[in-house]
Amino acid sequence: MKRARYGGRDFRRAIAIEDLRAIAARRLPNFTFEYVEGGAEDEVALRRNRDVFERIAWLPRTLAGVGTPDLSTEILGESCHLPLVIAPTGFNGMLWPQGDLALARAAADAGIPFTLSTVSNFSLARMTAEVPRERVWFQLYPFKEPAAVDHLVDRAAQAGCRTLVVTTDVPVLGAREWDQRNYSAPMQLSLRSKLDVLAHPGWLRRVMIPRGAPEFENLSELLPAGARSALAGVRFMGTQINSRLSWEDMQRIRDRWQGQLVLKGILCVDDARRAAEMGADGIVLSNHGGRQIDSCVSGVELLPAVAAEVGERITVLVDGGFRRGSDVLKALALGADGVMIGRPTLYGLAAGGQPGVAHALGLLRTEMERTLTLLGCRSLGELGRHLVRS
Ligand SMILES: Cc1cc2nc3c(=O)[nH]c(=O)nc-3n(C[C@H](O)[C@H](O)[C@H](O)COP(=O)(O)O)c2cc1C
């Protein structure tokens, strides 16, 4: 039975991530909501990221006398209050003013890391001045120009960042057809999108009128002075996508970066092994939230095989489609060390800024606590393959 969802705009009344999604859909103009929501081509991978969880069933243990379970864990040597990391997402300033900062502060308050995207609207140096450094990871798009890569790697080191997440799955931008419909040229909204924006005066007042489209602050030193607008950033990105991206590029970054290195975008066991062999400290099994190659596996499906192959040597993270606390626990039971979440906290951000993000994380925490108790586990360490049938 399809049940009615919360129909208002108050994020505090959201009782599940899906409610926050509905509020975000109401508060954002369509072109921005589709940017958050959409996948590539026919969105088969996007749907698969959700469907996969329905095929994994729990085998709970009863009468286990659990009490309140412990959700804390360690990810890449740092203690975390929850087994979560906020995934890198670009252009967060379009959802809420200083959206990156709101996400990072809510993550730090919840005791988990936040990953700042290369194409964020807040510079890494400013971020590590605002939020404890161990809670700020930096995501690097490995650009075509080695000098641009070196610049960003060095900036991450100077900012005191300890964990660099290199995204490996963008040798070309995925086919995001909604973007082509919503814009008539780069950063030029179509007439239909413009009319829809006028129907969202709250968003216009909050996000757009004060400063216009937010700049990509991590790119500003790579752009000519006087040409650092969002449009200039988008054009620069277009010139920097590296269709020849290879393991040699990863090795170059490994040789330059002294901190923890995580490769994000791994989707097969052989590549996971290769990442471990080239000195990565961790990987994220990810299909980029269904936004790159369509019709591919979900990271969760690879977990048992990847964890068996490299789980003893490196940290295995996974993302894509996590919307419930029980989804997160399923991934841990199948061998993940932690889960990255993308859209759930963006829904919270669009619904209510930093408190909205905190609300999203609180919902996931409550669901994890309840499910762990129902499973008969006192802590995350007690999760394992014996508790799932897939
Ligand atoms: C709006 C949006 C922007 C994203 N931007 C980036 C990015 O800048 N860098 C990156 O590595 N991944 C990016 N991703 C992918 C996420 O890091 C993550 O892999 C994905 O969102 C996880 O799936 P989920 O949204 O279902 O949780 C983006 C995803 C979304 C939805």
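Of the helices (runs of 4 or more DSSP H) that lie entirely inside the stretch 239-336, those containing 2 or more residues that are among the small types (Gly, Ala, Ser) span 269-277, 299-310, 325-333. Answer with yes or no whether Arg235 is under 28 Å from Ala125 (Cα atoms), modelled with pLDDT under 95, open to solvent by 10 Å² or more (accessible area, probe 1.4 Å) and touching a Pro at 6+ places or on another chain (Cβ under 7 Å). It is true that Arg235 is under 28 Å from Ala125 (Cα atoms), modelled with pLDDT under 95, open to solvent by 10 Å² or more (accessible area, probe 1.4 Å) and touching a Pro at 6+ places or on another chain (Cβ under 7 Å). Does Arg61 qualify as being more than 21 Å from Asp319 (Cβ to Cβ), more than 16 Å from the ligand (Cβ to nearest atom) and of a type in the set (Lys, Arg)? It is true that Arg61 is more than 21 Å from Asp319 (Cβ to Cβ), more than 16 Å from the ligand (Cβ to nearest atom) and of a type in the set (Lys, Arg). Checking each residue in the stretch 117-160 for being within 21 Å of Trp96 (Cβ to Cβ), aliphatic (A, V, I, L, M) and in contact (Cβ under 8 Å) with a residue 40 or more places away in the chain picks out Val119, Leu124. Listed by position, the strands (runs of 3 or more DSSP E) enclosed by the stretch 121-216 that each have at least 2 residues that are open to solvent by 30 Å² or more (accessible area, probe 1.4 Å) are 183-185. Would you call Gly299 open to solvent by 10 Å² or more (accessible area, probe 1.4 Å), touching a Ser or Thr at 6+ places or on another chain (Cβ under 8 Å) and near the ligand (Cβ under 10 Å from one of its atoms)? No: the conditions fail for Gly299.
One residue stands out in the stretch 345-382 among those that are β-branched (Val, Ile, Thr) and more than 15 Å from the ligand (Cβ to nearest atom): the one that is least open to solvent (accessible area, probe 1.4 Å), namely Thr371. Looking across the stretch 321-337, the residues that are more than 20 Å from Arg61 (Cα to Cα) and within 11 Å of the ligand (Cβ to nearest atom) come down to Gly321, Phe322, Arg323.
Scanning the stretch 270-288 for residues that are near the ligand (Cβ under 10 Å from one of its atoms), out of contact with any helix residue (DSSP H, G or I) (no Cβ under 7 Å at 6 or more places or on another chain) and not hydrophobic (A, V, I, L, M, F, W, C) yields a total of 1.
The values are calculated or read from the model by the stated rules, or taken from the named source; none is laboratory data. Everything quoted here is computed from the prediction, not taken from an experiment. With ideal geometry, Cβ positions are generated from the backbone for all residues, glycine too; neighbour counts draw on all protein chains shown. Remember, those area values only see protein heavy atoms, side chains included, never the ligands or the DNA or RNA. Shrake-Rupley method; radii C 1.70, N 1.55, O 1.52, S 1.80 Å.
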